[in-house]
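One structure is given below, represented as structure tokens, and several questions about it will come after.
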Amino acid sequence: MTKRFSWVAVARGAVGALVVLAVWQAFARSGMFSTAMTPPLESVGRVIWRMLADGTFVENALATLARVFIGLAISFALAVPIGVLMARYWAAERIFQPVLSALLPIPSLAWVPLFILWFGIGNVATLLVVVYASLFPLVYSVWTGVRTVNPLWVRAATVMGADEGVLFRKVIWPGALPYIITGLRLAFGRAWIGVIGGELLASPKLGLGEIIFNAAEFLDAGVMLATLVGIGVIGVLFERFVFQALERLTVRRWGMVAGPAA
Amino acid sequence: MRRALSIVLPLATCAVVAAAWELLALYGGFPPKLVPGLGTIGQAFVRLSANGVLLAATVATLYRLAAGFALAVVIGVVLGIAMGRRQWVEDTCLPIVSFLYPIPGLAYAPLFVLWFGLGDVPTILLVGVASSFTIIINTWRGVKSVKPVWLRSAEVMGARDRDMFRRIVLPASLPYIMIGLRLGLAQAWRILIAVEMLMSVQRGLGWLIFGAQTFLNTDVMLATIAVIAALGVLLERQVFTRIERYTLVRWGMVAA
């Protein structure tokens, strides 16, 4: 979606954002609802400033991100062997397929109450939700990616005497990478939803979802809105910088085309 | 041989998983309240089906899903098409949409409770709003991807705005819109189950799981999760494949 830079577009975007903010402000100031429920912009701004200044925001965001990344790492460690086996060996595909298709349609958050019973409230339950949410996009992308590696490359490498290890490192892995990166992107999106939901329901000690949940107890809409803004900013930053950079560094540099749009 | 194996292997996996669960339940040393055997889960399923609790919950959840998704479709398709057809709408709305898009819908839940109270209305609103973004983005991309040659030829041949939309823009962008609807429905489904846990609605599958937690009814929770899985598959396989057949395939936009 690259577009030529245009000042008109920027101005229009600014107008759009301003209109939304102005409507909110008018609504908040109108006195239709108490300001605790619809806080005006300046109080949301003050809350954002306070949360940034005393470090609550950073602390909780780091806790949430740590859960996302530990969960993604576990998912990745599980998904790569499963996906590769499924793509390379026909029997493995038949063995894993029924389990995957039974678990795939279950929303990860449906498991939260059960995880809480089994593992107590807190980190383990939240982490499991992240793993569950991100596992399926990863398995499917590794599986599809490895399957779509040009068989000609595999045969050529084999003929040239590549053993399984070299074949995997030099042919299959780079060949499957466009899909795997798309899968990671999808998995991050799912994990991000899962972690906020998990934090809302399983209440670990720290986390952005936990802030929102606590703020709900005190009817503090200002803190909720400030945290939502933070969640939005982090989401955009990851999408824009981390994943696009990852794509540039690997896929494009190795001359593979980008995978399908997610 | 291969053909026989392709039937036997999946069945074997199911049998192994079931047996492992049963062994864990019987000899794993966990309290049977927390890890119920398959028989107990089956009994819970039969009991809940017989007394109508499961049916009532399913109907309530599907009603919310339908209402929320309908809202999402209206918002998503209308805004997506407007953004695709008119540059100023795109310029004005795209920054807001792309900022709100990555915020998990569930994060709004406590705020919606604060604004709209508990129950059906905030649940439906939240599901609708949260799943509309995928539909907006995909519809917008679809309308943008309509070949300019088609638009120009239709214009030259004297198509009015309405015909242009009905005959060209809509069919041509439909594959994308359908992807958006499909992703949107899946998202609405996932959010709905979780929102039902937070919004303390009257009935519903998410509520059933959450309520069962209070009484340590693990068998009820697992039986409900199984129903959720089955419904998820049905929604995807039956509803969407059908809609696709009636529109895309029939209009010749994609191969059957």
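Read-outs throughout are calculated quantities, based only on the coordinates presented, and are distinct from any laboratory measurement. Note that the coordinates shown come from a computational prediction; the quantities given were computed from them, not determined experimentally. Please note: Cβ atoms are built from the backbone with ideal geometry, for glycine as well, and neighbour counts cover all protein chains shown.
Of B:Ile124, B:Ile96, B:Ile135, which residue is surrounded by fewer than 17 Cβ atoms within 10 Å (Cβ to Cβ), in contact with a Gly (Cβ under 7 Å, 6 or more places away or on another chain) and either assigned to a helix (DSSP H, G or I) or touching a residue at least 24 places away in the same chain (Cβ under 8 Å) (or both)?
Result of the check over B:Ile124, B:Ile96, B:Ile135: B:Ile96.
Of everything in the stretch A:140-156, what is surrounded by fewer than 24 Cβ atoms within 10 Å (Cβ to Cβ), part of a helix (DSSP H, G or I) and of a type in the set (A, V, I, L, M, F, W, C)? Give them in sequence order.
Hits for the stretch A:140-156 are A:Val146, A:Leu152, A:Trp153, A:Val154, A:Ala156.
Cβ-Cβ under 9 Å, sequence separation 6+ or interchain: first residue in the stretch B:202-224 and within 9 Å of chain A (Cβ to nearest Cβ), partner in a helix (DSSP H, G or I) and among the charged types (D, E, K, R). Which pairs?
That search, which allows pairs on different chains as well, returns B:Leu205/B:Glu196; B:Gly206/B:Glu196; B:Ile209/B:Glu196; B:Phe210/B:Glu196; B:Ala212/B:Asp219.
Within the stretch A:28-53, track down each residue that is surrounded by fewer than 13 Cβ atoms within 10 Å (Cβ to Cβ), within 14 Å of chain B (Cβ to nearest Cβ) and not polar (S, T, N, Q).
Correct list: A:Met32 only.
Another question, then. Sort out which residues of the stretch B:143-164 are part of a helix (DSSP H, G or I) and surrounded by 15 or more Cβ atoms within 10 Å (Cβ to Cβ), and write them in order of number.
Residues satisfying the conditions are B:Val143, B:Lys144, B:Trp150, B:Leu151, B:Ala154, B:Met164.
Applying the selection to the stretch A:189-242, what residues are over 20 Å from the mean Cα position of the chain (by Cα) and not in a helix (DSSP H, G or I)?
A:Lys205, A:Phe218, A:Leu219, A:Asp220
Next question, about the same structure. Condition test on A:Arg248, is it more than 16 Å from the chain's Cα centre (by Cα), loosely packed, with under 15 Cβ neighbours inside 10 Å and either free of Cβ contacts under 8 Å to residues at least 40 places away in the same chain or under 30 Å from B:Gly117 (Cβ atoms) (or both)?
Answer is yes for this residue.
Working carefully through the options B:Leu38, B:Leu114, B:Leu23, find the one that is facing chain A (nearest Cβ under 9 Å) and out of contact with any His (no Cβ under 8 Å at 6 or more places or on another chain).
Selected residue: B:Leu114, the only one of B:Leu38, B:Leu114, B:Leu23 that is facing chain A (nearest Cβ under 9 Å) and out of contact with any His (no Cβ under 8 Å at 6 or more places or on another chain).
Let me ask you something else. Taking only the stretch A:13-68 into account, find how many residues are among the small types (Gly, Ala, Ser), within 29 Å of A:Ala191 (Cβ to Cβ) and assigned to a loop (DSSP other than H, G, I, E, B).
1
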